[in-house]
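The structure appears below as structure tokens.
The values are calculated or read from the model by the stated rules, or taken from the named source; none is laboratory data. Only a predicted model underlies this, so the values are computations on that prediction, with no experimental measurement involved. Please note: Cβ atoms are built from the backbone with ideal geometry, for glycine as well, and neighbour counts cover all protein chains shown. SASA here: full protein model, heavy atoms, side chains in, ligands and nucleic acids out. Shrake-Rupley method; radii C 1.70, N 1.55, O 1.52, S 1.80 Å.
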There are 2 protein chains.
Amino acid sequence: MPLMTSWVASANSADCPFPLNNLPYGVFSTAALTPRCGVAIGDQILDVKTAEAVGWISVTEGAVFDEPRWNKLMALGQDAWAKTRNRLTELLAEDAADQGALADLLTPIADAELHMPIEVSEYTDFYAGRHHAFNVGTMFRGPENALPPNWLHIPIGYNGRASSVVVSGTDIRRPWGQLKGPQDDMPRFAPSARFDIELEMGAIVGTPSDGPISVREADANIFGYVLLNDWSARDIQAWEYQPLGPFQAKATATSISPWIVTAAALEPFRCDTPEREFELLDHLKDVGPMLFDIELEVSLAPEGKDASTIARTNYSEMYYSAAQQLAHHTTSGCSMRTGDLLGSGTISGPEKHNRGSLLELSWGGKEPFTLDTGETRSFINDGDTLTLHGVAKADDYQIGFGTCTGKVLPALDDPYSRN
Amino acid sequence: MPLMTSWVASANSADCPFPLNNLPYGVFSTAALTPRCGVAIGDQILDVKTAEAVGWISVTEGAVFDEPRWNKLMALGQDAWAKTRNRLTELLAEDAADQGALADLLTPIADAELHMPIEVSEYTDFYAGRHHAFNVGTMFRGPENALPPNWLHIPIGYNGRASSVVVSGTDIRRPWGQLKGPQDDMPRFAPSARFDIELEMGAIVGTPSDGPISVREADANIFGYVLLNDWSARDIQAWEYQPLGPFQAKATATSISPWIVTAAALEPFRCDTPEREFELLDHLKDVGPMLFDIELEVSLAPEGKDASTIARTNYSEMYYSAAQQLAHHTTSGCSMRTGDLLGSGTISGPEKHNRGSLLELSWGGKEPFTLDTGETRSFINDGDTLTLHGVAKADDYQIGFGTCTGKVLPALDDPYSRN
């Protein structure tokens, strides 16, 4: 598919993250405008709430965009999603009528504050990138036992905490937790000293379901994708995670990028899952190219200094797609709801510079890595800003995700002082 | 505290589960009444929605009981809870004025359908009963390694799935799942053959919090308690749970009893946690008697046959209280919201007949147990109805929880046929 051109001129350059082909959905506000649904086009945001209110867009009889979140549209399903996207494409295309009137609904992105684009119903995090699972398993159990026996047969996942999901730009306070290091006789309560990121993609469930759904249905129920950073306290996790999995290690925060890139915008970038050692059981089998070719990067900026790119990888490194994860999620009859958020699991690639967590980049802290500034890191320092970047690249346009960023603030001296 | 008498005569007998001392909160409907908040008194329910609408109760300026769930009151905090309870006590006491008018707001419990009393925000399940953890650990790892090293220092918990929580009386469909038994070369997708219950208490968070809270604050934030059955597919769990914990094994359903017994009603039944081998760290220490003396039972009724009591235990067998679980839940900064539900973990006692799961009662299926009907069970058969019972007993009155019941329906021939 070629670049589609818009009357919003900034959307028409080959390196613009938000061309007419993209149309990602967010929630924005300005000094003059309360938080509301908007769609990014070039360096502008179209006010979708007002566009609906004045009659430019009509999806159903009632209002769909009267709340500062996209959940109402998400719940309506694929036909409504296509209708909305088609109408927005029409309104913003180069040859659109009424460009003057529509231009009044534009706000420069630079002037807007971006908010959580959805109300998260529940949050599930997977562990479905093979290189990451192999790296972490090797560190903890050696390369022969790196992958648990179930790993090649089901997308391993666990339930996270929806109340911890925040939008990109939110500062992240280093957590306290119960820790017991190899040198400690007894556990102690202290700030995490091994605070980390996980580079992930988040898939957002639009259409709800009740009972098991097929991979094909699951794929159709996914509204869109965001960048997702699952902040992780490795030392808290090491002490708490046996036998029931991570809990407080993952509950401090999970950041998502503010723009939902729709499944529709990503269609041209579909690609296959990797070759498999074991055929998946029927209910999890691929039903076509299940992944997307999305280039991903992590950068780290020490306080007051320039950012260094510390990792580059691609969403196509996943072993299981979001649709396969969602299908697995429903096997036991689990109801899925509009606004459920599924983290892909950390996306690492085969090489050292492809690793999507500091745990892997520093090999558990044993091999600190060097930033462009000359400083080294094993885990996150106070004041560091970590940023995820994502983009799908066609020949003459890009589908950008924007960034997912967060600055780590020092732990409180007394974690109970806030209360 | 003695029995408090009511003008609703059925509330005044020593064996009534719902005397004036109790006043549990539920949501009910009848042929004539839409679902609404109600409080149980004797064998009747007082329509709290109407009581508020006509001016008998006024908690705040706006309506608190205009929705069929208790979340609005829960969010208002302890003072509003006390005000509501005091006013309901006044209205229903033996010497109350206006008994005739209030009697018009009564519905016999027998005529009402009971619904979910709250909207569950998120659901967390703990593993904080020592006898259960020891029994399960012994089966899987032997008695020397039964308790994981962290177990005596933190209440181990994992996030469950709020969308799976249903009210008592809801039929439970036996789930399918990916299984790999010791005899299987490869995993297969099949109905669970080891479907089980977990006898638990659920604590309901009323007051929200942001950041770490102390055990004392946590205790004050708990609105009330319910019986909770965390239906568990042991064979799905065995294959999936390493390394990140239970997932689909626990996602079929979790049933709760329809009546929320308030923390206030349970105050006279406070009792101490068990003696500890290791002192807890300061942030988790007991701040008084943290548990409640609540007698618990499980009964099993095969299809069309009488129920047998298969286990008797007590909530005082817990190692960690709900307040300690909630405090731990917030250590890393995790926000808690009105409507969060915390499962205690399976409550077993020291003896064989005190075990709160079939896994323990049949010792992993190796020692089937016998029902009063002469039949034996290792795990749940299709058509079995499992019921939890709970009551706190004073000298001359009881605080009853009612029951938490569910019938297990056979697995679907094709789990995808519903879609």
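A few comments on the model shown:
- Listed conditions (1) touching a residue at least 40 places away in the same chain (Cβ under 8 Å); (2) buried (at least 19 other Cβ atoms within 10 Å of the Cβ) are all met by B:Asn159, apart from (1).
- Breaking point among (1) in contact with a Gly (Cβ under 6 Å, 6 or more places away or on another chain); (2) under 19 Å from A:Leu341 (Cβ atoms), for A:Val48: (2)
- Residue match in the stretch A:118-129 (condition: part of a helix (DSSP H, G or I), touching a residue at least 12 places away in the same chain (Cβ under 8 Å), in contact with a Ser or Thr (Cβ under 9 Å, 6 or more places away or on another chain) and buried (at least 19 other Cβ atoms within 10 Å of the Cβ)): no
- Extreme residue, nearest to A:Gly245 (Cα to Cα), among residues of the stretch B:227-244 that are of a type in the set (Phe, Trp, Tyr) and more than 7 Å from chain A (Cβ to nearest Cβ): B:Tyr241
- Of all residues in the stretch B:217-226 being open to solvent by less than 10 Å² (accessible area, probe 1.4 Å) and closer than 13 Å to B:Met336 by Cβ, the one that is nearest to the other protein chains (Cβ to nearest Cβ): B:Ala218
- The set of residues from the stretch A:214-244 being assigned to a strand (DSSP E or B) and either more than 15 Å from A:Thr124 (Cβ to Cβ) or of a type in the set (Lys, Arg) (or both) comprises A:Phe223, A:Gly224, A:Leu227, A:Asn229, A:Ser232, A:Ala233.
- Helices (runs of 4 or more DSSP H) fully within the stretch A:245-364 counting 1 or more residues that are within 14 Å of chain B (Cβ to nearest Cβ) and open to solvent by less than 20 Å² (accessible area, probe 1.4 Å): A:322-329
- Residue match in the stretch A:149-163 (condition: closer than 23 Å to B:Pro208 by Cβ and in a helix (DSSP H, G or I)): yes
- Here A:Ile154, A:Ile109 are screened, and the one residue that is over 30 Å from B:Gly339 (Cβ atoms), of a type in the set (A, V, I, L, M) and more than 14 Å from every other protein chain (Cβ to nearest Cβ) is A:Ile109.
- Selected residue (criterion: nearest to the chain's Cα centre (by Cα)) from residues of the stretch B:379-417 that are open to solvent by 60 Å² or more (accessible area, probe 1.4 Å) and more than 25 Å from B:Leu361 (Cα to Cα): B:Lys393
- In the stretch A:203-213, the residues that are within 14 Å of another protein chain (Cβ to nearest Cβ) and either open to solvent by 10 Å² or more (accessible area, probe 1.4 Å) or assigned to a loop (DSSP other than H, G, I, E, B) (or both): A:Thr207, A:Pro208, A:Ser209, A:Asp210, A:Gly211, A:Pro212, A:Ile213
- Of A:Gly100, A:Gly137, all but one fail to be assigned to a helix (DSSP H, G or I) and surrounded by fewer than 17 Cβ atoms within 10 Å (Cβ to Cβ); the exception is A:Gly100.
- Some residue of the stretch A:365-378 being open to solvent by less than 20 Å² (accessible area, probe 1.4 Å) and within 30 Å of A:Arg216 (Cα to Cα): no
- Odd one out for B:Gly169 among (1) at positive phi; (2) of a type in the set (Gly, Ala, Ser); (3) within 11 Å of chain A (Cβ to nearest Cβ): (3)
Okay, residues lined up against (1) touching a helix residue (DSSP H, G or I) at 6+ places or on another chain (Cβ under 6 Å); (2) in the same structural domain as A:Thr313 (by TED's automatic domain parsing); (3) crowded, with 22+ Cβ neighbours inside 10 Å:
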residue: A:Ala110; (1), (2), (3): no, no, no
residue: A:Ala146; (1), (2), (3): yes, yes, no
residue: A:Asn150; (1), (2), (3): yes, yes, no
residue: A:Ile172; (1), (2), (3): no, yes, yes
residue: A:Pro191; (1), (2), (3): no, yes, no
residue: A:Met201; (1), (2), (3): yes, yes, yes
residue: A:Val215; (1), (2), (3): yes, yes, yes
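- Residue list for the stretch A:174-183, filter: within 7 Å of chain B (Cβ to nearest Cβ) and either at pLDDT below 95 or open to solvent by 20 Å² or more (accessible area, probe 1.4 Å) (or both): A:Trp176
- A Cβ distance below 9 Å, combined with a sequence gap of six or more or placement on separate chains, defines the contacts here; from the stretch B:271-299, residues that are more than 16 Å from B:His131 (Cβ to Cβ) reach residues that are of a type in the set (A, V, I, L, M, F, W, C) and loosely packed, with under 13 Cβ neighbours inside 10 Å in the pairs B:Phe278/A:Met186; B:Leu281/A:Met186.
- Every pair of residues 6+ apart whose Cβ atoms lie under 7 Å, when the first sits in the stretch B:390-416 and is without any contact (Cβ under 8 Å) to a residue 40 or more places away in the chain while the second is part of a strand (DSSP E or B) and open to solvent by 50 Å² or more (accessible area, probe 1.4 Å): none
- When restricted to residues that are without any contact (Cβ under 8 Å) to a residue 40 or more places away in the chain and part of a strand (DSSP E or B), the stretch A:366-389 contains 2.
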